[in-house]
Amino acid sequence: MTTRDPTDIFSEWALRNRDEGMENGHANSVDEMLNIVLPMLSTPFSAIDVGCGNGWVCRKLQSYDNCSKVVGIDGSIEMIVKAKDKGRGEFHLAKLPGWAPSQKFDLIHSMEFLYYLTNPLEMLQEFFNEWLNNKGILIAGVDHYLENTASHDWPESLNVNMTMLSEEQWKKGMIDAGFTDVETQRVGVRPGFVGTLAIFGRKP
Ligand SMILES: C[S@@+](CC[C@H](N)C(=O)[O-])C[C@H]1O[C@@H](n2cnc3c(N)ncnc32)[C@H](O)[C@@H]1O
């Protein structure tokens, strides 16, 4: 059976308001991720949320006084329609890889997006080369990773291709892409959930 395009699935989720459950489910991990990076950013800072879904992280970032610009990008048309409906802000409908922003950013944030790509490590390289300002920071959260055994059956249950990497493979991919100060950390840990793997790095 051929696998489905994740952006089609997430459009269906948006039409059934399942984006709201996802927002709630990801909120603790994202809060922890933002708490890690926000004190490190120069002010004012610009940010892009990759795989932004209904745009909730963009709206959160917009609420910070020192955030000068936020852009969201997602490949699901219904998610982008929702993101535009829910507030002001710049949102792009685009499937990755194959699109790059017209400016570079101080912060790249991404939650539960990267493993939908066939080659997420190549995307990290593109982020480093084309999306991030010097001294800029990338933080990305993934829940589907080798050490989270509870996530191993997700590709089958959703009928979607996912690329499962280990914590070490993510770290090495970041270092190979050129990032410095590379760290990984579990965030959003709760009973029954080993946590989101938060992947951090800086462009020198
Ligand atoms: C699990 S959802 C997470 C959404 C949002 N970050 C959140 O935390 O609520 C993954 C998102 O990535 C988007 N996505 C998946 N593959 C994509 C691709 N190749 N290009 C662009 N967006 C993609 C989906 O449309 C979906 O909105």
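Read-outs: derived from the displayed coordinates by stated rules, not from any lab. Every value quoted in this text rests on a predicted model; they were computed, and no experiment measured them. Reconstructed Cβ throughout: ideal geometry from the backbone, glycine too, with neighbour counts over all protein chains shown.
Please find, among Trp170, Trp99, Trp154, Trp131, the residue that is among the aromatic types (Phe, Trp, Tyr) and away from the ligand (no atom under 16 Å from the Cβ). Quick ask: steps written out before the conclusion?
Values: Trp99 fails: away from the ligand (no atom under 16 Å from the Cβ); Trp154 fails: away from the ligand (no atom under 16 Å from the Cβ); Trp131 fails: away from the ligand (no atom under 16 Å from the Cβ).
None of the others qualify; the one that does is Trp170.
Sub-7 Å Cβ pairs linking a first residue in segment 185-204 that is without any contact (Cβ under 8 Å) to a residue 40 or more places away in the chain to a second residue that is surrounded by fewer than 16 Cβ atoms within 10 Å (Cβ to Cβ) and not in a strand (DSSP E or B), at least 6 apart or interchain, number zero.
Tell me, yes or no, whether segment 87-94 has at least one residue that is touching a residue at least 24 places away in the same chain (Cβ under 8 Å) and among the aliphatic types (A, V, I, L, M). The answer is no; no qualifying residue exists. Per the listing Ser63, Ser76, the residue uniquely among the hydroxyl-bearing types (Ser, Thr, Tyr) and within 17 Å of the chain's Cα centre (by Cα) is Ser76.
Condition test on Gly75, is it out of contact with any Leu (no Cβ under 9 Å at 6 or more places or on another chain), more than 19 Å from Ile199 (Cα to Cα), of a type outside the set (Phe, Trp, Tyr) and surrounded by 20 or more Cβ atoms within 10 Å (Cβ to Cβ)? Considered against the rule, which asks whether it is out of contact with any Leu (no Cβ under 9 Å at 6 or more places or on another chain), more than 19 Å from Ile199 (Cα to Cα), of a type outside the set (Phe, Trp, Tyr) and surrounded by 20 or more Cβ atoms within 10 Å (Cβ to Cβ), Gly75 comes out as no.
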